[in-house]
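My structure is below; once you've seen it, I'll send some questions.
The values are calculated or read from the model by the stated rules, or taken from the named source; none is laboratory data. Keep in mind the model is a prediction, meaning the values are calculated, not measured. Using ideal geometry, Cβ is built from the backbone for each residue, glycine included, and neighbour counts are taken over all protein chains shown.
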Amino acid sequence: MSRLFLTAGGLLGGLAVAAGAFGAHGLKAFLEAHGQAANWETAARYALVHALATVAVGTLAAVRPAPGLAAAGGCFLVGTAIFSGCLFALALSGVKILGAVVPIGGVLLIAGWMLLAYAGWHVTA
């Protein structure tokens, strides 16, 4: 489990930085012209934050396994894919229905943080 979350978190972090840079430079004019710069920036920021959270889950799983860690990591990965993925797609396509899917990812991200708190409470010293 720790290998999966460390690897996935590292990949997600790299993609988040690349997406942020691409949005700030390569897509800047397009995103601003379509009023989507804030959506792109939010997607990149949340992806980067949750990449770090996923790495934390992987690290904790390697050092002190606890109940809820696998579920927390899964929520971070799936939640980020839905939340950031839909925001990126919305920013590029303008398809408004994608905005209705974003909260599903947000709920998964919140669940991931709650599960991480649960796991942290149950870590044995």
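Touching a helix residue (DSSP H, G or I) at 6+ places or on another chain (Cβ under 9 Å) and hydroxyl-bearing (Ser, Thr, Tyr) - does that describe any residue in the range 87-105?
no
Out of (1) crowded, with 17+ Cβ neighbours inside 10 Å; (2) part of a helix (DSSP H, G or I); (3) modelled with pLDDT under 95, what's the single condition that is false for Gly120?
For Gly120, the failing item is (1).
Going through the range 11-61 one residue at a time, which ones are among the basic types (Lys, Arg) and more than 9 Å from the chain's Cα centre (by Cα)?
Lys28
Within the range 77-117, can you find the residues that are closer than 21 Å to Leu27 by Cα, exposed (fewer than 15 other Cβ atoms within 10 Å of the Cβ) and not basic (Lys, Arg)?
Ser93, Gly94, Val95, Gly99
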